[in-house]
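S.K.: The structure is given below, and queries will be raised subsequently.
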Amino acid sequence: MPAGRTACLVRVPMPMPSNRGGGTRDIGAPMPMPLRRMAPAQQQVDGSEDVSADSVLEKVIAWVAPHHIKVRDYFLTFDRKLTSLVSKSQFVRVMQLVGIRLNVAEVDLLAHRFAEPGQSMPDCQLNYERFLEVIDKLLQGCDSPKEPPLSPTLPRFNFGARTCHVDWSHNSLSPVKKIQSKVVEKRLRLYDHFQDFDPLRKGLCYRGQVKTVFTIVNLDKELSPDDFKALQDCYTSAGDMFCYVDFCNDIDLAFTKPGLEMDPMTQLRMPDASSTLLARRNKQKLSAESAQRVFDLEEKLRARVRFRRCHLRSTFQDMDRTRRGHVTRSQFARIMCMLDFELTAADVDTLCLVYCDMGNDTEFNYVDFCASCDCFETAEPVSASPRKECYPKYFDCFGQRQAPIVPSPLSPRSSALLFSDSSPRSRSMVMD
């Protein structure tokens, strides 16, 4: 290098081997993202091969139909303004998310067919609604798409809901009775919530606001759509308005009696556990034959418990850590097997007809079962009323006035022993 000159270093981009072949790529180019398992891509189309857009659509249908994929949801992810248009790169990205790998020639064929008119090919936008319409028409022409082959080593079981038709006790109750029992259980005041939607205090509100009030007080799940419509029709006035005053008066019959001021000597009882039983329990209606089978099976269990002198409740409580009073159907079968009662699957189904009282056939009420089959059962049931010490001493748990407790007089010796103390004041009180 001649004297007086400085060396100038120039960075030259070094070629790096590509992941897919012997080509080169720039250092700054992004690395290709790993894709999940996709449909196999076709060979790169050259001039000698004739590939049409219909063959590409058949490839898409062959992958989408067996897997039951909703492609529209993927397109809506990129189309936030609902214009039914996506760019060419977004269309390729959607196909990758679905699981279909398309080469450049196949993407160009679909872009040429579904592009908006008057747009150039490099930066065109595709109308995915037209694309989905063509896919739907081709799917309707297919009789039954074949499902993808499964591995022969993996077992397959078709899970499905039970098709048995059971008549539950809640089906025979009126909507007012269902709401009334829940209101008594939760001690709700519906009148105040309805007044929020009635600023003029006319006693009327719109039919849609009834659903809002039930949602606020968490009663919307208690009624089916048919029961809710029947409730609205029952209290709807001539102007298509819901008369909530009459509805609240019918609900309040569980707490009080109308016209009580005209009969002041009438005694009312406070709501107890039987008042909320309709809301807390939903049992199956049994036929005479089913009731007889349950009775015979319970007689055998009582005789077995009496002979072995085993306590059932403690075993059930090991499965019920939160003391809800219910265990699952499988836990009941396991407990009976642990206690060597030798119940068959038919016997378990028979007992579940009576003691599955939560509106389903999976939650087993072991409290009622123990009270019926365990002759040594002495504990209080879970659904009993609260303890008496929670109430004032002047009233019982039902609100009735109790007789006052009169302390018995103390004898002189008892008084002396009671106030015996080393303090001068105590000795003076005893001397007095």
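None of the figures in this text is laboratory data; all of them are computed from the coordinates on show. These figures come from a predicted structure and were not determined experimentally. Glycine gets a Cβ as well: all are built from the backbone with ideal geometry, and neighbour counts include every protein chain shown.
S.K.: Within the range 171-278, how many Lys pairs sit with Cα atoms under 17 Å apart, leaving out pairs fewer than 8 places apart on the same chain?
M.R.: Step by step, the pairs that qualify in the range 171-278 add up to 14.
S.K.: I would also like to ask the following. What Rg and what Dmax come out for the range 171-278 when only alpha-carbon atoms are used, in angstroms?
M.R.: 14.5, 43
S.K.: Right, something else. Only Lys, Arg, Asp and Glu count, each charged at its Cβ (+1, +1, -1, -1), so figure out the dipole size of the range 171-278 about its Cα centre, rounded to 20 debye.
M.R.: 200 debye
S.K.: Hey, another quick one. Net charge near Pro225, counting Lys/Arg +1 and Asp/Glu -1 over other residues with Cβ under 14 Å of its Cβ?
M.R.: With Lys, Arg at +1 and Asp, Glu at -1, the neighbours total 0.
S.K.: Sticking with this one: Can you give me the Cα centroid spacing of the range 258-276 and the range 167-242 in angstrom?
M.R.: Comparing the Cα centres of the range 258-276 and the range 167-242, I get a distance of 23 Å.
S.K.: Another question about this same structure. Please state the equivalent ellipsoid semi-axes for the range 53-141: what are the square roots of 5 times the Cα gyration tensor eigenvalues, largest first, in whole Å?
M.R.: 19, 15, 12
S.K.: Another question, if that's okay. If I take every Cα pair under 8 Å that is 6 or more residues apart in the range 281-373, average their sequence separation and divide by the length, what percent do I get for the relative contact order?
M.R.: So the answer I get is 43 percent.
S.K.: How charged is the neighbourhood of Ser174? Take every other residue with its Cβ under 15 Å from the Cβ of Ser174, and add Lys/Arg as +1 and Asp/Glu as -1.
M.R.: -2
S.K.: Compute the whole-percent fraction of alpha carbon pairs in the range 207-328 spaced more than 18 Å apart.
M.R.: When every Cα pair of the range 207-328 is considered, 75 percent fall beyond 18 Å.
S.K.: Let me ask you something else. Please say if the range 281-373 is rounded, prolate or oblate, where rounded means a/c under 1.5 for a ≥ b ≥ c the square roots of the C-alpha gyration tensor eigenvalues, and otherwise the choice is prolate for a/b larger than b/c and oblate otherwise?
M.R.: oblate
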